[in-house]
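The values are calculated or read from the model by the stated rules, or taken from the named source; none is laboratory data. Remember, it's a predicted structure, so these values are computed and weren't measured experimentally. Note: ideal-geometry Cβ built from the backbone for every residue, glycine included; neighbour counts use all protein chains shown.
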């Protein structure tokens, strides 16, 4: 079970991610990022793109993963659907089915911290838009 | 966070905890109230923690909550003991504004306004990941753009030497090193030169509605009713990627050099360290890309004017000025009565050099540097000039815009049941946008009233009002 919730931030967009494990946070982050990019349009897990894990702790790994997903969209218009074993599933942007909502410049490090307790994992991520 | 009032326009964040200096915020009572409930003031205090900071950590009246540094932040660092921080520049390196003055009067343009806005919308790609099929830079040309900035664009025939004279640093910052820019960043920038992007970036047609200093306004080509074109954009995906790449470098560097960070986004390295030098090379390269981007967009704006009006309208459209508002630069400032070399970070702040400054082109030497302050898309924008007061108090810096006061989420909710383009059209403003989301998130109410921001700047003496420009046509991403 993963979830995301946008939380107030004046200039940029902050999202709170929740999941049962670290990997689940990636899925919640991908879901949030997809909503920012193309709203609630369906994105099929038709193709896979590899993402090399980077970062020395869970927070850095999450930020890098989402940054790499954003890079795939920015350079190849590859929309993310879900997290795969070695990267991300998704499909190319299709103008007949997808409407671009906004440009997301970056996944910031501002206030980012992956936390865990008996209820699961939690992180807040600020996207620069 | 404790705030002490200094006078009607200045507030002190007293030094406490790990702060190495005070914070200084320029604002009136209302603007200070807008900061309640967010982290902007805390961010001013955080900047004051960084090593080698000289003078206070400063925030302009358009201050708002950013990431790392607040937006509207200015901080000076000693060249020997200080740091350089990608978070003090921002993701959109050399995001900036340029203002063109056309030879046309608003009376001539109104009947063909829709055609002009449509022509600008067609000619200058906007929106998410906007790219140009006609300007696809090969690796060698991209490296020339990174090294030479707007100068490269002019050398290709898109603009003139007169344009270069009216750009901060003549549109080409020294110290750019394309080798320090990653392949990823180059890939993200390869086909985006000459494009606006989305978010708060825009191309805006306006006219001179009011003048506060007719002599200076005349010298800048801003006669009453003159039609203008504002261009607001930066270094696009290339700059975002440079910042992202170097945040990783600087996080490691901060640990290596024992720098304690109150927020990871403030990660930094000593200016003279290998990490600091590489970021410097990459940042200046990205800044040059942004100068080139705005120069090319200005060329396409002239082309749109040619299409809708005539050759003369295009040829006689002059660049008033082009300023950076996300940048770090080496400058000399007087500190305690003696000149000192400093590294000035401006994040959402504009350089505002006074009359007589040696770095200004001859035509601005007796006026002071033009400072361009765009507002929201429904109200007005301002042209100011730099002052001695700014030079003395804010390391020659002024504000950069209205500053957001409402989250994008809230703005969207507010706009949901409305037709914002229609509302603006009823006010005489034609809007063309790639997506509805951008227009809704950018509704005028989402921003502070830029007139109040500019009035604080003027009253505090860190900028001087010259003219007000009202929008009549907006192209958004």
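Just a few scattered comments:
- Qualifying residue in the range B:84-97 (condition: within 14 Å of chain A (Cβ to nearest Cβ), in a strand (DSSP E or B) and either surrounded by 24 or more Cβ atoms within 10 Å (Cβ to Cβ) or modelled with pLDDT of 95 or more (or both)): no
- Among the candidates B:125, B:103, residue that is within 14 Å of another protein chain (Cβ to nearest Cβ), more than 19 Å from the chain's Cα centre (by Cα) and either closer than 26 Å to residue B:433 by Cβ or surrounded by fewer than 23 Cβ atoms within 10 Å (Cβ to Cβ) (or both): B:125
- Verdict on residue B:118 being touching a residue at least 12 places away in the same chain (Cβ under 8 Å), part of a helix (DSSP H, G or I) and under 15 Å from residue B:231 (Cα atoms): no
- Residue identified as surrounded by fewer than 21 Cβ atoms within 10 Å (Cβ to Cβ), away from chain B (no Cβ under 14 Å) and either in contact with a strand residue (DSSP E or B) (Cβ under 9 Å, 6 or more places away or on another chain) or assigned to a loop (DSSP other than H, G, I, E, B) (or both) among A:97, A:54: A:97
- Which numbered condition residue A:104 misses (of (1) part of a helix (DSSP H, G or I); (2) under 21 Å from residue B:190 (Cβ atoms)): (1)
- Segments classed as strands (runs of 3 or more DSSP E), wholly inside the range B:269-356, with at least 2 members that are farther than 23 Å from residue B:92 by Cβ: B:326-335, B:338-347
- Within the range B:38-59, restricting attention to residues that are within 14 Å of chain A (Cβ to nearest Cβ) and within 15 Å of residue B:11 (Cα to Cα), the residue that is farthest from the chain's Cα centre (by Cα) is B:42.
- Scan of the range B:246-258 for residues that are surrounded by fewer than 20 Cβ atoms within 10 Å (Cβ to Cβ) and farther than 22 Å from residue A:114 by Cβ, ordered by number: B:256, B:257, B:258
- Checking each residue in the range A:107-129 for being away from every other protein chain (no Cβ under 12 Å), in contact with a strand residue (DSSP E or B) (Cβ under 8 Å, 6 or more places away or on another chain) and assigned to a loop (DSSP other than H, G, I, E, B) picks out only A:114.
- Condition met for residue B:345 (touching a strand residue (DSSP E or B) at 6+ places or on another chain (Cβ under 6 Å) and closer than 16 Å to residue B:79 by Cα): yes
- Selected residue [surrounded by fewer than 24 Cβ atoms within 10 Å (Cβ to Cβ), in contact (Cβ under 8 Å) with a residue 12 or more places away in the chain and either away from chain A (no Cβ under 14 Å) or touching a strand residue (DSSP E or B) at 6+ places or on another chain (Cβ under 8 Å) (or both)] from B:155, B:150, B:223, B:214: B:223
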